[in-house]
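Read the structure below first, then the notes.
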Amino acid sequence: MEFALVAPVLIMIMMGVVQLGLLLHQQQGIHAAAREGARQGSFPDTTESEIEASVATALANINLANTPVVTISPQNVSSIPCDATVNPRPENVTVNVQVAAVLDIPFVAGQTVNLTGEGTFRCEYLD
């Protein structure tokens, strides 16, 4: 009798812990993808589309419900973050990845949580 009263609460707590673990896994993957994009962007002549492709490749194994938003700075006219022809030259490239994740716990309505990852690398110039 007592187990029948306590079991739903225990199951909800257990599923909440599992969902929290999955959410932390996604958060770590988003941070790693942002760092990978910033690392790729630190090379000279790397375009923003190449950085976005690098982030997408890093996120391939992360199960995300929504499409991530990738922001790259600095943004130059040439669409090359570490462009040596821009005066003054950028010192760093920063990649920010944001995605809305759903925390799905039984008996509780799905909660949306915004996950953010950011990576910054120093621009590498050949001269």
For this session: Evaluate the following for Ile80: is it under 17 Å from Gly119 (Cα atoms), aliphatic (A, V, I, L, M) and surrounded by 14 or more Cβ atoms within 10 Å (Cβ to Cβ)?
Result: yes
Problem set entry | Filter result (among the acidic types (Asp, Glu) and more than 18 Å from Leu115 (Cα to Cα)) within the range 27-72 | Asp45, Glu48, Glu50
Exercise. Is it the case that some residue within the range 49-60 is assigned to a strand (DSSP E or B), modelled with pLDDT of 85 or more and under 19 Å from Ile30 (Cβ atoms)?
Worked result: no
Problem set entry | Any pair with Cβ under 6 angstrom, 6 or more apart, that starts in the range 70-90 at a residue that is more than 13 Å from Thr47 (Cα to Cα) and ends at one that is at pLDDT below 75 and surrounded by 12 or more Cβ atoms within 10 Å (Cβ to Cβ) | Val86/Asn76
Seminar exercise, completed: Those residues of the range 49-65 which are touching a residue at least 40 places away in the same chain (Cβ under 8 Å) and under 8 Å from Ala33 (Cβ atoms) amount to Val55
For this session: Looking for whichever is assigned to a loop (DSSP other than H, G, I, E, B) and among the small types (Gly, Ala, Ser) here; the options are Ala101, Ala84. Which one fits?
Result: Ala84
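The values are calculated or read from the model by the stated rules, or taken from the named source; none is laboratory data. Since the structure is predicted, the reported quantities are computational estimates derived from the model, not experimental observations. Every residue, glycine among them, receives a Cβ derived from its backbone with ideal geometry; neighbour counts consider all protein chains shown.
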